[in-house]
1. Looking only at residues that are touching a Ser or Thr at 6+ places or on another chain (Cβ under 7 Å) and of a type in the set (S, T, N, Q) in the stretch 272-329, which one is modelled with the highest pLDDT?
2. Go through the stretch 34-61 residue by residue and tally those that are modelled with pLDDT under 90 and farther than 23 Å from Pro207 by Cα.
3. Would you please name the residue that is surrounded by the most Cβ atoms within 10 Å (Cβ to Cβ), looking only at residues in the stretch 142-164 that are under 29 Å from the mean Cα position of the chain (by Cα) and assigned to a helix (DSSP H, G or I)?
4. Looking at the stretch 321-330, can you tell me whether even one residue there is touching a strand residue (DSSP E or B) at 6+ places or on another chain (Cβ under 7 Å), open to solvent by 40 Å² or more (accessible area, probe 1.4 Å) and touching a residue at least 24 places away in the same chain (Cβ under 8 Å)?
5. Please specify each residue of the stretch 182-201 satisfying the condition of being of a type in the set (A, V, I, L, M) and open to solvent by 30 Å² or more (accessible area, probe 1.4 Å).
6. Going by the structure shown, is Ala342 buried (at least 21 other Cβ atoms within 10 Å of the Cβ), touching a strand residue (DSSP E or B) at 6+ places or on another chain (Cβ under 7 Å) and among the small types (Gly, Ala, Ser)?
7. Can you pull out the residues in the stretch 125-138 that are touching a residue at least 60 places away in the same chain (Cβ under 8 Å) and either open to solvent by 60 Å² or more (accessible area, probe 1.4 Å) or under 12 Å from Val209 (Cα atoms) (or both)?
8. Taking Thr72 and the conditions (1) closer than 22 Å to Val17 by Cα; (2) β-branched (Val, Ile, Thr); (3) modelled with pLDDT of 95 or more, which numbered condition does it fall short on, given that it satisfies the others?
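The values are calculated or read from the model by the stated rules, or taken from the named source; none is laboratory data. Remember, predicted model here, so these are calculated numbers, not experimental data. Using ideal geometry, Cβ is built from the backbone for each residue, glycine included, and neighbour counts are taken over all protein chains shown. Accessible surface is based on the protein model in full, side chains and every heavy atom, while ligands, DNA and RNA are left aside. Shrake-Rupley method; radii C 1.70, N 1.55, O 1.52, S 1.80 Å.
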Amino acid sequence: MNIHEYQAKELLQKFDVATTRGKVASTLDEAEQIARELGDVDVVVKAQIHAGGRGKGTFKTGFKGGVQVRKTPEEVRNAAAEILGQILVTHQTGPAGRVVNKVFVAESAEIAREIYFAVLLDRATAAPLIVASTEGGVEIETVAATSPQKIAREKIDPLAGLQSFQTRKLAKQLGLESSQLKNASKLFEGLYRTFIALDCSMVEVNPLVVTAEGEVLALDAKFNFDDNALYRHPEIAAMRDIAEEDPREVEASKHGLSYIGLDGNIACLVNGAGLAMATMDIIKFYGGEPANFLDVGGGATEEQVTEAFKILISDKNVKAILVNIFGGIMKCDVIAQGIINAAKTVKLSVPLVVRLEGTNVEKGKQLLKESGLALITASDLADAAKKAVAAANSKLQPR
C-alpha cells in the first residue's frame, strides 16, 4: 500500500522527524487559506499523486511542473488552479498520467544540500538496512549505476536497533558538519522508529535537505507498508486512496484475489504465484504478452473464479484468456464449475484456453466437455501458451 506525501509528512511528525510546515488542500479556497496561515514565506504547491517525478512532469493542459513555488496566497491559489483536477504525466505514470485531486501547500525550504536517505528491509539478511547518499534528489538507481562509491550502507541489528554511533557515522559519511550532527542523528533515529513502529518495508526520504540556516529536514518521503501487517494499523489502512489505484486491482482485493494489471492482451487466471509467473514467462517465450498477473489462490471458490473472469474481461485490451490450474488443495472440478459459471455470466467474447492438471482433473475436464462452452483445451503448459498466443493473434476459433 502507498500513501501520499502529505500523509507521509503527518506520520513523520508523530515520530519527531523534522520537516516543513504544511497542509493538504482539495479546493482553491483551502490552498489560499493554508498559504495565509503559513505567513510571509515562500510557499510550495505540490501535486499529490502516487508517482515520482512530479516536479518535472507535464499536465495535459500544457502547464509544466507538478511542484510550484509561489510568494503570495493569491499566487498559490493560481498555481492550485493550474494543478487541481488536471492530468499530470510523469516518467512513472506512463502517458495516461494521473488526475490530481489534492495539493500539498507547504513552507518552502531554502535548500543548501540534498541527501538521499532510506530505511529498507534487506531481503538477504531479513533485517533493516539504511541506504544513504550525498546525491539527493536523484534516482538512487541512477546513482548506483554511475557513482556507486557515493552510496553508504549501514546494517542494523534488529534486536539492538539503530545505535547512536551508527547515526553519527552516517552523518559524517554524508558530509554533515559537526553543528548538524545532533539534529541529523535525531532525524535518522526518528526515521528508523517510524520504520519499525509502522511495519514498513521502506521509508525513503528524497531529498533529505540541509537548509541555508543549517537545519536538517525531511523534505519529501515515500512509504511502503507490509500489507500483511496492516491489520495492526487501521489508521494507516484508512489512508488508502483507491482513486490512485487500478480499479481492477481494487475490485480484485475485495474478493481476496491477487491481481496486477499489465499491458498485454492475453489474460491469465492461475492458482499460485509461482505458477502465475511461469505462465507469464511462457506466454512471453512463445511471442505473446500477458495482460495481467492473477492468482486466485489455493482455496478459491466458484464465486471468486466468477469475479476473476469479470475483472479479466473488463480489460478491453484482452484478446484471449488462459486458465492454467494445477489442482493440489484446489480441486479441478471446482475450478471447472467456476469457469462454466463465469463464462455464462460474463458472456465471453474472446477465446478461452484451459489447461487443468491435478486433483479431480478428470471430473473437471468432463464438466467442461459437457458444459456446451466453446473453449480451447490444452494438454500441458506449453500447449496452452501456444494456443493462447495463436488465439490472441488470429482469433483462433474454439474447438
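1. Only one residue tops the list, namely Asn324.
2. 0
3. Selected residue: Val143.
4. Yes: one or more hits.
5. Across the stretch 182-201, the qualifying residues are Ile196, Ala197.
6. Details: buried (at least 21 other Cβ atoms within 10 Å of the Cβ): yes; touching a strand residue (DSSP E or B) at 6+ places or on another chain (Cβ under 7 Å): no; among the small types (Gly, Ala, Ser): yes.
So Ala342 fails the test.
7. Gly136, Gly137
8. (1)
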